[in-house]
Amino acid sequence: MEKVARLQGKIALVTGAARGIGRAVAVRLAQEGAKIVVNDLHDDDRAAQTLADVRAAGSDGCIVAADVSETQAGRRLIEEAITHMGRIDVLVNNAGVEHNASFLDVTEEDYDRVLDINLKGAFFVTQAFVSHLRDSQRGGRIVNISSVHEELPFPHFTSYCASKGGMKMMMRNLAIELAPLGITVNNVAPGAIGTSINDRLLHDPAKLTALLGNIPLKRLGKPLDVANAVLFLASDEADYVTGSTLYVDGGLLWNYAEQ
Ligand code: BGC
């Protein structure tokens, strides 16, 4: 029997898809037949590379540049994606940033940037997506790329933790509120993944060794580890899963031992 691709005929929009986890998600979903709307801040070489990778995976898609932290731009993103692709079935809220600062040094500008991209952006892009699904009377899938830090404290990253903690409760609320519309909502919570968000850490051997000491599986995660979890939640196999966080962290979150 021929193997049927798990997302055949689906259209997925991935925010922040020009690199890192976002790119890996775009390519993994494309490998399973989904057409991909590649979103990032700019329609540049990096976004073009993601689309090229999507095509190399045997699928197709388009690029729609938009700054999701601006509500109007987020709404336009959904509209343009529909104009290009006809509809959207799966939304992956991946765009995110973090800022390292002691609490007393956090400026309002830093706080706003982190919260506006990570939480407000996901909130209003999701709202526009849900409105599209309701108007077309179809169900759909929402997968947020959260973090172990939706649960676990991360000193010096309080804005980031506030955004991811907010994303956790947004996901739980929407899972209940949107269930009657046939929409599932889940989070994938990565631990330490080897992407550019961790550049400084990756170039600091002492910090890296200390971090690996906290990861029971003793390695950093790969973007593909995260992408495989997103694929599951976006596929029919996860039909009965909503309101959940799937941790992809090598055991980091619940690691505690007395020596
Ligand atoms: C953060 C990384 C951090 C990792 C594990 C992620 O959410 O983006 O900076 O290394 O969590 O703490």
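What follows draws every value from the coordinates through simple rules; no lab data is involved. It should be emphasised that the depicted structure is a prediction, and the values quoted were computed from it without experimental measurement. Note that we place each Cβ from the backbone using ideal geometry, even for glycine, and neighbour counts take in every protein chain shown.
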Condition check: of a type in the set (Gly, Ala, Ser), more than 11 Å from the ligand (Cβ to nearest atom) and either surrounded by fewer than 11 Cβ atoms within 10 Å (Cβ to Cβ) or over 18 Å from the mean Cα position of the chain (by Cα) (or both). Does Gly243 satisfy that? no
Those residues of the range 214-259 which are more than 22 Å from Ala95 (Cβ to Cβ) and acidic (Asp, Glu), in sequence order: Asp236, Glu237, Asp239, Glu258
Which members of the range 103-145 meet the condition of being of a type in the set (Ser, Thr, Tyr) and within 24 Å of Pro180 (Cα to Cα)? Thr126, Ser131, Ser136
Of the residues Glu237, Glu258, which is under 24 Å from Gln137 (Cα atoms), loosely packed, with under 14 Cβ neighbours inside 10 Å, away from the ligand (no atom under 14 Å from the Cβ) and over 16 Å from the mean Cα position of the chain (by Cα)? Glu237
Does Ala227 satisfy being surrounded by fewer than 16 Cβ atoms within 10 Å (Cβ to Cβ), away from the ligand (no atom under 12 Å from the Cβ), at negative phi and aliphatic (A, V, I, L, M)? no
Within 16 Å of the ligand (Cβ to nearest atom), farther than 15 Å from Asn93 by Cα and assigned to a helix (DSSP H, G or I): does that describe Ser131? no
If you scan the range 134-143, which residues turn out to be of a type outside the set (Lys, Arg) and buried (at least 21 other Cβ atoms within 10 Å of the Cβ)? Gly140, Ile142, Val143
